[in-house]
Amino acid sequence: MINSSVKFLTIEGMEGAGKSTNLNYVIDFFQQRGIPFTATREPGGTEISEKIRHLLLEHHNESLAPLAELMLIFAARAQHISKVIRPALEAGQWVICDRFTDATYAYQGEGRQLGGEKVELLERFVQQDLQPDLTIILDVPVALSAARVEQRGGELDRFEVEGSDFFQRVRDAYHQRASEAPERYALIDASQSLAQVNTELQNILEQLLD
Ligand SMILES: Nc1ncnc2c1ncn2[C@@H]1O[C@H](COP(=O)(O)OP(=O)(O)OP(=O)(O)O)[C@@H](O)[C@H]1O
Ligand SMILES: [Mg+2]
C-alpha cells in the first residue's frame, strides 16, 4: 500500500532543458527538510534498466525500429517500477524521477510518430494504477535545447542527432499533455535563468508539501 502523503514526482523536458541540474535542486530541497526520498531516472534506474538505456542511446550498425524502441523503454520501465519506484513509495519515500512516461508519449508517440495509442496500451499494461502525482515540465524552445546540448559538448546520442522537426513534435506533445490535465502538470519556462527556474521550482515544491 502506498500512503497518500507520499508523492511520485517526475521531471520532463527536452535535452538541455535542465532536468538533471534542477533534479539536484529538488534533492537539496528534500534533504534540507529531512524528507525521505529516492531520486532516479529513466530510461534506467536499475542495473538492468541502465543496460537498456545504453542500448537506446548508443548508435548501432542497424536502425532501431521505433516499435522496438518503445518496447525496450517499457521493458526498462517495468524493471524500474518493480525494483525501485514501487518499493520506495511503499516504504514511505517520495520518488523523484528524471523523465518518465510523458517522455515516451512525446518522443516515441509524437517524435517517432508511433501515436499515443500504442504508448497508452503499454502504459496501462506496465504501470497499472501507477501515475506521477505531479510532472514538472521544463519548457525550452527547440533552438535553445540544441544550443545547450552543443555547449555541453561530447558526442550526440541516438536522440540528440534528430532534427528540429522531431524536437518540435516533442515539445508540442509536452504542451498538449499539460493542457489536457493541467492539475497534474507544472510547466516552467526553463529559458529563464537557473535562479528564476529554481524559484519557481521551490514554490511548486512548497505548495506540494502544504
Ligand atoms: N536555466 C538555465 N540557464 C542556463 N543554462 C542552463 C539552465 N538550466 C540548465 N542549464 C545548462 O544547460 C546544460 C544542460 O542542462 P542539464 O544537463 O541539466 O539538462 P537535461 O535536461 O538534464 O539534459 P538531458 O536531457 O540531455 O539529460 C548544462 O550545461 C546546464 O548547466
Ligand atoms: Mg539530464
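Before moving on, here are some points about what is shown:
- Nonpolar atom fraction for the chain, defined as the carbon and sulfur part of the 1.4 Å probe accessible area, stands at 50 percent.
- Counting 0.36 nm for each residue step from residue 86 to residue 60 and taking away their Cα separation leaves a gain of 6.1 nm.
- Remark: relative contact order (the chain) = 32 percent; criterion is Cα-Cα distance under 8 angstrom and separation of 6 or more residues.
- Distance between the range 112-128 and the range 13-47 - C-alpha centres, whole angstrom: 24 Å
- Computed from the C-beta positions of residue 203 and residue 33, the FRET efficiency with R₀ = 22 Å rounds to 0.90.
- Under 13 Å, Cβ to Cβ, from residue 141 - net charge with Lys/Arg +1 and Asp/Glu -1: -2
- Cα shape, the chain, gyration tensor, a/c 1.5 rule: oblate
- Segment residue 194-residue 47, length gained on full extension (0.36 nm per residue, minus Cα span): 49.8 nm
- Extending 7 Å from the Cα toward the beta-carbon at both residue 3 and residue 128 defines two label points whose distance is 2.2 nm.
- Average accessible area per residue (Å²) across the range 1-142 - probe 1.4 Å, nucleic acids and ligands excluded: 45 Å²
- Along the axis of the charge dipole computed for the chain (Cβ charges of +1 for Lys and Arg, -1 for Asp and Glu, origin at the Cα centre), the listed residues 134, 48, 144 are led at the positive end by 48.
- Global geometry of the range 111-210, whether rounded, prolate or oblate, following the gyration tensor of its Cα atoms and the 1.5 cut on a/c: oblate
- Probe 1.4 Å - accessible area at residue 114, Å² to nearest ten: 30 Å²
- Loop-resident sites, the range 125-210, for GluC sites (Glu not before Pro), counting at most 15 other Cβ within 10 Å (DSSP): 155
The values are calculated or read from the model by the stated rules, or taken from the named source; none is laboratory data. These figures come from a predicted structure and were not determined experimentally. Please note: Cβ atoms are built from the backbone with ideal geometry, for glycine as well, and neighbour counts cover all protein chains shown. Quick note on the areas: whole protein, heavy atoms, side chains included, nothing else; ligands and nucleic acids left out. Shrake-Rupley method; radii C 1.70, N 1.55, O 1.52, S 1.80 Å.
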